[in-house]
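Structure, as structure tokens:
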Amino acid sequence: MNYKYIEQLLSKYWECKTSAEEEQILRSFFSQDDIPDHLRQYAPLFRLQADESRFTLGTDFDQRMLDVIRREDLSGARTSGLGVLRLIVRQITPLFKAAAVVALLLTVGNVAEKMTVGQDSVGQRSGAEGAYVRQENISAQIKIIDQTHSESSIAKADSLKETTKSTSVGTEQPASKEVIR
Amino acid sequence: MKEIDFRTDILPLKDQLFRLALRITLNREDAEDVVQETMLRIWKEHSKGRDPDNISAYAMTMCRNISIDIVRRKGRGNISYDPLTHDRTDGSMQADERLVFDESYDSIRQFMERLPEKQRTVLHLRDSEGRSYKEISEIMSVSESDVKITLFRVRQKLKEICERIIK
């Protein structure tokens, strides 16, 4: 049998020029029973490499690991449960704030209204009576305005008459003066 | 990105993690603890929404780091694992040939165990796990050329050992 190929692979192996697949070929070759004498010295090395894969962990490890992960997930779930609660509270807080602001505004508005009502006795009257009284007040105010306005008009008219009178007197004066002359 | 599942994505890595941890700690119990700790950390990271792109390389890096931490903490204690006591030789060997084979096999194993961690890990990842140079460089956070140089030196020594025993 020609071992040229294996010898070439072996030379490449020492130089780190073999691919992972070629190295697997070497391991397979040296795991055989029938190895030529001149290559036998390398057999323990490749047999040792192949033997490494025999170190494994049993299924008992899987079960132990899964138990550990289950406990971890449970504690994680507890944490995330609290997290969800915190998230809900965080989302609801603005609503509480808004409700508090509305309540405050209502209270302030109510107090302000009561104070206004205290100052204005009309506010204590209700319905048509209140409206009637308000109308009376408005009419009275209009009257006062009208009165003021008419008084000022009379005063203006009087002052105008005076002005006119004085003007006519002025114009007559030169004539009289001429008559005197 | 695909959602990571513990049973299908993390648990199947247990053997390669165990072998790497065993190569570094040289202690079966410690190696088992390392694998458990590695998997737990990956799962915790996953719970925080941090999943790596290459979970295998990420797990191997984490496994290596935890193993190195254990060795540093405990010191290089006595080797505590069964170095494969199964029949390592084939039936076609003569008694003297078997003797030579066993001696060579043990010498190589002991040589590997005495290597510095970096050389041991490179050799393990390449020759036992069949990892590419790129993967090894990722796992060990070194350049590919650094991986090749390290491996070249170790293989040259291994060649010497193989040839010396026969002589």
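Values quoted throughout were computed directly from the atomic coordinates according to the rules given, and no laboratory measurement underlies them. Not measured: the values here are computed from a predicted model. Cβ placement follows ideal geometry from the backbone for every residue including glycine, while neighbour counts extend to all protein chains displayed.
If amide H atoms are built 1.01 Å from N in the plane of the peptide, which residues on other chains or at least 5 residues away come under 5 Å of the amide H of B:Asn27?
Counting only residues 5 or more places away or on other chains, the set is B:Ser80.
Calculate the tail of P(r) for chain B: the fraction of all Cα-Cα distances greater than 22 Å, expressed in %.
Within chain B, distances greater than 22 Å cover 51 percent of Cα pairs.
Using a 10 angstrom cutoff on alpha carbons, build the Gaussian network for chain B and name the most mobile of B:Ala95, B:Ala21, B:Ala31.
B:Ala95
Once you sort the root eigenvalues of the Cα gyration tensor of the stretch A:4-53 as a ≥ b ≥ c, which label holds: rounded (a/c under 1.5), prolate (a/b larger than b/c) or oblate (the other case)?
Verdict is oblate for the stretch A:4-53.
Report the Cα-based extents of the stretch B:118-158 along its three principal axes, largest first, to the nearest Å.
Answer, in whole Å and largest first: 25, 19, 14 Å.
Residue farthest toward the positive end of the dipole of chain B, with Cβ of Lys/Arg at +1 and Asp/Glu at -1: which of B:Ile68, B:Leu26, B:Tyr105?
B:Ile68
Need one value for A:51-61: mean number of C-beta atoms belonging to other chains within 10 Å of its residues' C-beta atoms.
6
Just checking the output field for B:39-49: average partner chain Cβ neighbours within 10 Å of each residue's Cβ?
Going residue by residue through B:39-49 and averaging, the value is 2.
Give me A:Ile35, B:Ile139, B:Ile68 sorted ascending by neighbouring Cβ count inside 10 Å, so fewest comes first.
Listing A:Ile35, B:Ile139, B:Ile68 from fewest to most nearby Cβ atoms yields B:Ile68, A:Ile35, B:Ile139.
Hey, could you grab the Kirkwood Rh for the stretch B:1-47? Inverse mean 1/r over distinct alpha carbon pairs, Å, one decimal.
Here the Kirkwood hydrodynamic radius works out to 11.1 Å.
Using the crude model of +1 on Lys and Arg Cβ and -1 on Asp and Glu Cβ, and no other charge, please compute the dipole size for chain B relative to its Cα centre, in debye to 20.
Rounded to the nearest 20 debye, it is 640 debye.
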